[in-house]
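The values are calculated or read from the model by the stated rules, or taken from the named source; none is laboratory data. Keep in mind that this is a model prediction, so the values were computed, not measured. Methodologically, a virtual Cβ is constructed for each residue, glycine included, from the backbone with ideal geometry; neighbour enumeration extends over all protein chains shown. For the accessible areas, the whole protein counts, side chains as well, though only heavy atoms, and no ligand, DNA or RNA atoms are used. Shrake-Rupley method; radii C 1.70, N 1.55, O 1.52, S 1.80 Å.
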Amino acid sequence: MITSVNAFRDYLEKEKKYSLHTVNAYLKDVESFSAYNQTYFDQVVIDQANYSQIRSWIVSLVDAGVTNVSVNRKVASLKAFYKFLLKSKQITVSPLLKHKALKTAKTIQIPFSEKEMTSVLSQMNAVSGFEEVRNKLIVDLFYTTGIRRAELIHLKVSDIDLAKAVIKVVGKRNKERLVPVLPVLMDQFVVYARERAELEKNIDLGYFFLTKKGVKLNETFVYRLINSYFSTVSEKVKKSPHILRHTFATHLLNNGADLNSVKELLGHSSLASTQVYTHNSLAELKKVHGAAHPRNKP
């Protein structure tokens with residue numbers, strides 16, 4: 001089992017080029033099934049486990065109150081493991097070949113309105129000092145580029161090219177893309193860079209966004225930052241960097257951007273991933289449709 005898992009780790013890291021966070025999540029799920037299998041079926045190696053064993057594990061997860069979404073994610077990790085075993089010819093048939101994912105309710109992510117965005121950014125107009133300047137740039141960068149939280153955290157100083165008005169972003173699976181920077185952000189970049197240069201400590205020198213102690217930001221810090229600013233203007237349940245990504249895409253589509261352009265800006269590999277944002281534009285489409293169609297004229 002250990003040999004297979006180690007080889008699976010190498011496959012995820014070197015061939016699939018997944019982030020360390022993603023790799024660890026996959027391995028944790030595989031090891032969870034392995035522990036269950038050893039306890040209830042006395043089988044140390046899961047390479048030859050059958051579907052009835054996996055189904056028993058799934059039932060135990062559901063009985064323990066694990067949500068269908070989380071169960072499906074765990075099974076997807078296991079599916080990837082058996083796909084690797086197939087590819088490396090360690091098995092001939094995946095035990096999950098005919099498995100169907102558990103049904104889940106579709107949750108709609110509600111973006112911030114343009115009014116909410118204007119309110120937050122207006123409050124940050126007269127910022128001064130390192131932290132305030134940095135925070136405004138972070139909010140504005142999320143809103144005007146749609147980059148992911150991890151992409152912002154891992155931005156390097158060398159990724160910023162103000163002369164060409166672009167930033168280089170390293171997305172999922174280490175895919176690089178260039179994202180345009182709006183003119184309205186140019187001065188903010190310059191002011192932040194000046195404030196950053198005056199920090200007493202600069203431990204993580206290569207990273208663009210730092211704490212006042214000079215270290216790279218972490219995911220919890222960025223989440224709390226966004227949540228605190230938007231809690232003052234929005235009653236939405238979710239106030240996260242990911243909602244700002246939804247907001248970016250929705251506002252572009254509402255204002256006439258085509259789906260393919262939004263796809264490229266978001267760094268999606270397929271159009272299907274981008275289409276989840278189109279439901280948020282339906283209200284705007286209804287307005288345009290109602291106002292423009294002759295059959296709706298009095």
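Overview of values
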| read-out | value |
| --- | --- |
| Test: residue in segment 94-102 that is among the small types (Gly, Ala, Ser), open to solvent by less than 40 Å² (accessible area, probe 1.4 Å) and either out of contact with any helix residue (DSSP H, G or I) (no Cβ under 6 Å at 6 or more places or on another chain) or touching a residue at least 40 places away in the same chain (Cβ under 8 Å) (or both) | no |
| Extreme residue, nearest to the chain's Cα centre (by Cα), among residues of segment 48-65 that are outside any helix (DSSP H, G or I) and loosely packed, with under 15 Cβ neighbours inside 10 Å | Gly65 |
| Every residue from segment 238-269 that is assigned to a loop (DSSP other than H, G, I, E, B), closer than 24 Å to Ile153 by Cα and either free of Cβ contacts under 8 Å to residues at least 12 places away in the same chain or open to solvent by 30 Å² or more (accessible area, probe 1.4 Å) (or both) | Lys238, His268, Ser269 |
| Verdict on Leu20 being free of Cβ contacts under 8 Å to residues at least 60 places away in the same chain, within 30 Å of Lys239 (Cα to Cα) and in contact with a helix residue (DSSP H, G or I) (Cβ under 6 Å, 6 or more places away or on another chain) | no |
| Enumeration of residues in segment 24-47 that are of a type in the set (Val, Ile, Thr) and either open to solvent by 50 Å² or more (accessible area, probe 1.4 Å) or on the phi > 0 side of the Ramachandran plot (or both) | Thr39, Val44, Val45 |
| Candidate set from segment 211-236 (those that are small (Gly, Ala, Ser) and more than 20 Å from the chain's Cα centre (by Cα)); member that is surrounded by the fewest Cβ atoms within 10 Å (Cβ to Cβ) | Ser231 |
| Candidate set from segment 176-210 (those that are part of a loop (DSSP other than H, G, I, E, B) and open to solvent by 100 Å² or more (accessible area, probe 1.4 Å)); member that is nearest to Leu265 (Cα to Cα) | Leu205 |
| Residues of segment 220-237 that turn out to be in contact with an Asp or Glu (Cβ under 6 Å, 6 or more places away or on another chain) and free of Cβ contacts under 8 Å to residues at least 24 places away in the same chain, as a count | 0 |
